[in-house]
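For reference, the structure discussed in these notes is given below.
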Amino acid sequence: MSAAHHDDELVPEQTAGFKVGESKTIDEYKQLDQNDESLRKWKESLGLGAGNTISDPNDPRKVEGRDDIIIDLKSPGAVEHLKEKPFTIKEGAKFRMKAQFKVQHQILSGLKYVQVVKRGIISNKAQEMIGSYSPNTTDKPSYEKKFEAETAPSGMMARGHYNAVSKFIDDDNVTHLKLEWSFDLKKDW
């Protein structure tokens with residue numbers, strides 16, 4: 001398959017009757033039809049007018065980031081082999097972990113995430129409260145927790161291989177999942 005043919009597959013389908021509006025700057029959108037209530041609500045839903053931009057004016061990209069690293073633990077042996085398959089984190093990159101899970105049979109009270117990351121003799125411990133949850137239903141088949149954003153360390157001394165142990169523990173000190181995993185901190189992805 002040629003690269004040109006592959007790129008054609010990435011073009012989204014057009015919705016019949018939909019016309020793309022004229023491209024405008026953020027400032028133009030902020031000034032547009034200030035007396036139009038529905039337009040004001042639409043702009044608020046986009047976050048326009050809430051705070052100042054944090055965009056780097058010298059960075060031409062419209063979207064910053066990269067695809068999620070998904071670690072699916074449902075397949076047999078996935079938890080046991082997780083440590084053997086490190087992923088890469090770019091030094092200084094901002095990242096966020098997210099857990100998707102299902103609760104069965106009874107209320108899960110006070111679920112916490114505890115993590116210890118080690119490199120040589122240096123270790124770092126972190127803990128985050130996830131919450132309490134009832135068993136999942138057809139209306140709510142799973143739960144999702146997004147953790148606080150973090151910034152990876154940077155500099156030559158920070159680069160290298162890291163080992164981590166993570167646990168999901170409830171108020172009764174029951175460990176629901178323990179993971180041993182690893183990652184490499186590198187200068188680039």
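State all residues of the range 115-124 that are under 17 Å from Arg159 (Cβ atoms) and in a strand (DSSP E or B); if no residue qualifies, say none. Hits for the range 115-124 are Val117, Lys118, Arg119, Ile122, Asn124. Within the range 166-176, being touching a Phe, Trp or Tyr at 6+ places or on another chain (Cβ under 9 Å) and either surrounded by 15 or more Cβ atoms within 10 Å (Cβ to Cβ) or free of Cβ contacts under 8 Å to residues at least 12 places away in the same chain (or both) holds for Ser166, Lys167, Phe168, Ile169, Thr175. From the list Glu91, Glu22, Glu37, Glu84, which one is loosely packed, with under 10 Cβ neighbours inside 10 Å, in contact with a strand residue (DSSP E or B) (Cβ under 9 Å, 6 or more places away or on another chain) and either at pLDDT 65 or above or closer than 28 Å to Tyr143 by Cα (or both)? Answer to the selection: Glu84. Scanning the range 119-133 for residues that are among the aliphatic types (A, V, I, L, M) and either closer than 19 Å to Asn163 by Cα or not assigned by TED's automatic domain parsing to the domain that holds Arg159 (or both) yields Ile121, Ile122, Ala126.
For (1) assigned by TED's automatic domain parsing to the domain that holds Gln115; (2) aliphatic (A, V, I, L, M); (3) touching a strand residue (DSSP E or B) at 6+ places or on another chain (Cβ under 7 Å); (4) free of Cβ contacts under 8 Å to residues at least 12 places away in the same chain, each residue gets a yes or a no:
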{"residue": "Pro135", "(1), (2), (3), (4)": "yes, no, no, no"}
{"residue": "Met157", "(1), (2), (3), (4)": "yes, yes, no, yes"}
{"residue": "Asn163", "(1), (2), (3), (4)": "yes, no, yes, no"}
{"residue": "Lys178", "(1), (2), (3), (4)": "yes, no, yes, no"}
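Out of Lys145, Lys112, Lys140, one residue alone is surrounded by 10 or more Cβ atoms within 10 Å (Cβ to Cβ), assigned to a loop (DSSP other than H, G, I, E, B) and of a type outside the set (Val, Ile, Thr). It is Lys140. If I filter the range 80-99 for residues that are assigned to a strand (DSSP E or B) and either closer than 21 Å to Asp170 by Cα or not assigned by TED's automatic domain parsing to the domain that holds Lys167 (or both), do I get at least one hit? Looking through the range 80-99, at least one residue is assigned to a strand (DSSP E or B) and either closer than 21 Å to Asp170 by Cα or not assigned by TED's automatic domain parsing to the domain that holds Lys167 (or both).
The values are calculated or read from the model by the stated rules, or taken from the named source; none is laboratory data. Here the structure is a predicted model, which means the values were calculated and not measured. Cβ: placed from backbone, ideal geometry, glycine included. Neighbour counts: every protein chain shown.
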